[in-house]
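Asks: First the structure, then my questions, so here it is.
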Amino acid sequence: MDNSPIIVWIRRELRLADQPALAAAAATGAPVLPVFVLDEAAPWPLGAASRWWLRHSLARLSEAIAAIGGRLLLLRGDPVLSITALAAETGATQALWTRRSEPAERRRELDLAEGLAAIGIVGRGTEPDLLFPPERLRNGGGHAYQVFGPFWRAAQALPPPPPPLPAPTRLPAPARMPDGLTLESLGLAPEPGRFPRLAEAWLPGEAGAESRLATFLADGLDLYASRRDQPGVDGTSRLSPHLAFGEISPRRLWHAVAARTEAGGQDAFLRQLGWREFSQALLAAHPDLPERPLRGEFAAFPWAPRPEHLAAWRSGRTGFPIVDAGMRQLAALGWMHNRVRMIVGSFLVKDLLAPWTRGEEWFWDNLVDADLAANAASWQWIAGCGADAAPYFRVFNPVLQGEKFDPRGRYVRQWVPELSGLPDLFIHRPWDAPPLTLAEARISLGRDYPAPIVDHGDARRRALAAYHQVRRAV
């Protein structure tokens, strides 16, 4: 019997169940060599929060693979060179991987297939971690959709996603394992003191993803549509980091939620999975999406960021409570409620006239659910320069947004505790509180909590003037 192994290159598919590349390798009965290669020289290397998540997810995956007889090999370097050398060293018959949408990853896949072919080894990618085949989602002209509505209608007209594959029950390791690295030697832990509450907020890994899904199906899905925009309640699934790292597949989520036909939030949740698909399709069609606006006129937009404003935004000291609450939640949990992401994004690009790429970079470094396609598409959406974007002249008023979506101030009181003594009427506009009310709440504006760093009305007028300047130049 041939004991040559099959290499499975793992990137953001950190799970056993519904992992087509792993399932295909296991089905052959040959030894399987799963390998993860940390590439520090990638165009978008992992941010600090994602590195924390990856560290714990790799630990859980390694344990799960060991439990069924295998071993996860950890390497560092160029994945193409590392896996080609590994294939030659082990006498592998083939290498498998899950195809991805990111431009750099697609180039790597082609380079790896060519490098393996040069030494007589077959390398191929299995279907991507998507619900629907990307090539089936094209408009009448054969191009990628630029508007979500038609995209989602076209997706819903396709056959439903295939059911998820079961996890392999056995994954035999090669008789001789190549030398690899220890998890600790990858240096994925963040600097001391950063993200102080990640460990209490999250349970990375496939088991954590399944646990979170079970909780959401039992307690959250029925009310998802009505509560998902309220940051002060636990109304979202919080599955996004598990999905971003492939600890659970979109097919698993689709079928688990679609089966709950009586649930009120079913359509709303599946639509959010659709937005993930839309973002992936945009990145595949526009490889420069993370760096360049889809609407060309925004390349000349007269951004005017001020360093002190950027620092205040990052640290949650803008003087606008809903903005500061969101940025402080991000700093503590590596995650921010989706509605608040839109509010803080609008504030950055429109009130502060900072380029959307500044926000994209900050989120990339600080989000545990950082995903290149979703991050780029979302920031372009809020900046008004992307596909199906919010019009630039739609400038979120942070006070009105707070009063609408956090009317009792529960979210602000949780993350901006110095304002917790204010009554609901003033929790989103402390500068309007009478002096006696501020005194009773033990707040001195400018000392205990900053005064607003900009006047929202003036900032809105500046943003619209800049926008019209660009429009006139087209």
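The values are calculated or read from the model by the stated rules, or taken from the named source; none is laboratory data. Here the structure is a predicted model, which means the values were calculated and not measured. When we count neighbours, we look across all protein chains shown, and the Cβ atoms used for this are built from the backbone with ideal geometry, even at glycine.
Asks: Can you name every residue in the range 100-121 that is in a loop (DSSP other than H, G, I, E, B) and buried (at least 17 other Cβ atoms within 10 Å of the Cβ)?
Replies: Correct list: ARG100, SER101, GLU102, ILE121.
Asks: Let me ask something additional. Among the numbered criteria (1) within 27 Å of VAL416 (Cα to Cα); (2) β-branched (Val, Ile, Thr); (3) part of a helix (DSSP H, G or I), which single criterion is violated by VAL233?
Replies: Every listed condition holds for VAL233 apart from (3).
Asks: Assigned to a loop (DSSP other than H, G, I, E, B), modelled with pLDDT of 95 or more and surrounded by fewer than 24 Cβ atoms within 10 Å (Cβ to Cβ): does that describe ASP369?
Replies: yes
Asks: Right, next: Looking only at the range 433-460, how many residues end up being among the polar types (S, T, N, Q) and in a helix (DSSP H, G or I)?
Replies: Selection size over the range 433-460: 1.
Asks: Here's something else I'd like to know. Considering only residues that are at pLDDT 95 or above and among the polar types (S, T, N, Q), look in the range 197-229 and name the one that is farthest from GLU262 (Cα to Cα).
Replies: SER211
Asks: Considering each residue of the range 78-93, count those that are closer than 20 Å to ARG11 by Cβ, in contact (Cβ under 8 Å) with a residue 60 or more places away in the chain and in a helix (DSSP H, G or I), and give that number.
Replies: Looking only at that region, the number is 5.
Asks: Still on this structure, please answer the following. Can you tell me which residues in the range 249-262 are farther than 13 Å from PRO162 by Cβ and outside any helix (DSSP H, G or I)?
Replies: Correct list: ALA259, ARG260, THR261, GLU262.
Asks: Give the number of residues within the range 21-38 that are surrounded by 20 or more Cβ atoms within 10 Å (Cβ to Cβ) and not β-branched (Val, Ile, Thr).
Replies: The qualifying residues number 9.
Asks: To continue, here is another question. Does GLU291 satisfy the criteria of being in contact with a helix residue (DSSP H, G or I) (Cβ under 8 Å, 6 or more places away or on another chain) and within 22 Å of ARG106 (Cβ to Cβ)?
Replies: Yes.
Asks: Limited to the range 400-434, what total is found for residues that are without any contact (Cβ under 8 Å) to a residue 60 or more places away in the chain and among the aromatic types (Phe, Trp, Tyr)?
Replies: The qualifying residues number 1.
Yes or no, residue by residue, for (1) crowded, with 19+ Cβ neighbours inside 10 Å; (2) part of a loop (DSSP other than H, G, I, E, B); (3) not assigned by TED's automatic domain parsing to the domain that holds ALA49:
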site	(1), (2), (3)
ARG153	no, no, yes
ASP179	no, yes, yes
PHE195	yes, yes, yes
GLU247	yes, yes, yes
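Asks: Which of the residues belonging to the range 276-317 are at pLDDT below 95, in a helix (DSSP H, G or I) and among the charged types (D, E, K, R)?
Replies: Once the filter is applied, which keeps residues that are at pLDDT below 95, in a helix (DSSP H, G or I) and among the charged types (D, E, K, R), the range 276-317 yields only GLU297.
Asks: Moving on to the next point. Test of understanding: among ARG100, ARG51, ARG106, ARG55, which residue is under 22 Å from PRO178 (Cβ atoms) and charged (D, E, K, R)?
Replies: ARG55
Asks: Restricting attention to the range 414-423, does a residue exist that is part of a helix (DSSP H, G or I), modelled with pLDDT of 95 or more, farther than 24 Å from LEU348 by Cβ and not hydrophobic (A, V, I, L, M, F, W, C)?
Replies: No, the range 414-423 contains no residue that is part of a helix (DSSP H, G or I), modelled with pLDDT of 95 or more, farther than 24 Å from LEU348 by Cβ and not hydrophobic (A, V, I, L, M, F, W, C).
Asks: Moving on to the next point. For the range 155-177, how many residues meet the condition of being part of a helix (DSSP H, G or I) and out of contact with any helix residue (DSSP H, G or I) (no Cβ under 7 Å at 6 or more places or on another chain)?
Replies: The number of residues fulfilling the criteria is 1.
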